[in-house]
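The values are calculated or read from the model by the stated rules, or taken from the named source; none is laboratory data. Keep in mind that this is a model prediction, so the values were computed, not measured. All Cβ positions, even for glycine, are placed from backbone atoms using ideal geometry, and neighbour counts span all protein chains on display.
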Amino acid sequence: MEQLGSRPLRVWAVVVAAGGGTRFGGRKQFAMIRGRPMVDWALCAAREVVDGVVLVLPAGDANRSTDDARGADFVVIGGDTRSASVRAGLSAVPQDAAVIVVHDGARPLASPALFAKVIEAVVDGADAAVPALAVADTLKRVSEGVVVEEVARGEVVAVQTPQAFRAGILRRAYSDGGDATDDAALVAALGVTVRVVGGESRNLKVTTPADLELVQALAGT
């Protein structure tokens, strides 16, 4: 087994699937993709790489069938925000975990290789690692429907999950009850440098029914 410092590496994943799916029109994490619930795709990809997986589900869904939660060692109930849900998931991760990977259950096509890539960056010395893609579109900052500034594409990337962290740093970032749209933002607030690795174009986040249709098509290729 690979080493982190002088101790055997223990890696756990938290798969966050606790959203209500307001924009989707229902709990998208249980939508079917080629005969399997969306969240199952995320769980199986994580399971190929890590030692243990915590699945975070909405209240009322923690007792869903094992087909919807196979591959999870623990299933916990999430909170009202994404950060609250990650915090709930972290509470179930064993204290001997050296690296923790957080992944959105709404990104079903992230490959095991992508999980391995961010983990490897942490094993190699990074405190945190996130996958990202270059932005192809022209970007503009607007205010009240009016363009106020051009944004240089070379200075921005589109960040994905899974995101990997040294366990102690991630736990510290979540210890003060802060909230953010992704885990790396909370970690960066500690003054920690976040390493960026190449993301995957197939690693789309399902937000709308149209997104699901695209992912269903990609899953068959």
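Could you tell me which of the residues 217, 134, 121 is surrounded by 16 or more Cβ atoms within 10 Å (Cβ to Cβ) and aliphatic (A, V, I, L, M)?
Just a single option satisfies the conditions, and that option is 121.
Do you know which residues across region 149-168 are more than 16 Å from the chain's Cα centre (by Cα) and either exposed (fewer than 11 other Cβ atoms within 10 Å of the Cβ) or of a type in the set (Lys, Arg) (or both)?
149, 150, 152, 153, 154, 155
Going by the conditions given, is residue 146 without any contact (Cβ under 8 Å) to a residue 60 or more places away in the chain, surrounded by fewer than 18 Cβ atoms within 10 Å (Cβ to Cβ) and under 13 Å from the mean Cα position of the chain (by Cα)?
In short, no.
Quickly run through region 169-212 and pick out the residues that are acidic (Asp, Glu) and surrounded by 13 or more Cβ atoms within 10 Å (Cβ to Cβ).
179, 182, 183, 200, 211
Tell me, please, whether a residue that is at pLDDT below 95 and assigned to a loop (DSSP other than H, G, I, E, B) can be found in region 159-171.
no
Tell me yes or no: at least one residue of region 178-185 is farther than 26 Å from residue 88 by Cβ and not charged (D, E, K, R).
no
Step by step: first the residues of region 172-197, then only those that are among the small types (Gly, Ala, Ser) and over 18 Å from residue 125 (Cβ atoms), then the one that is modelled with the lowest pLDDT. Which residue is that?
177
May I ask you to verify whether residue 18 is at pLDDT 95 or above, closer than 24 Å to residue 129 by Cα and crowded, with 19+ Cβ neighbours inside 10 Å?
Criteria not met by residue 18.
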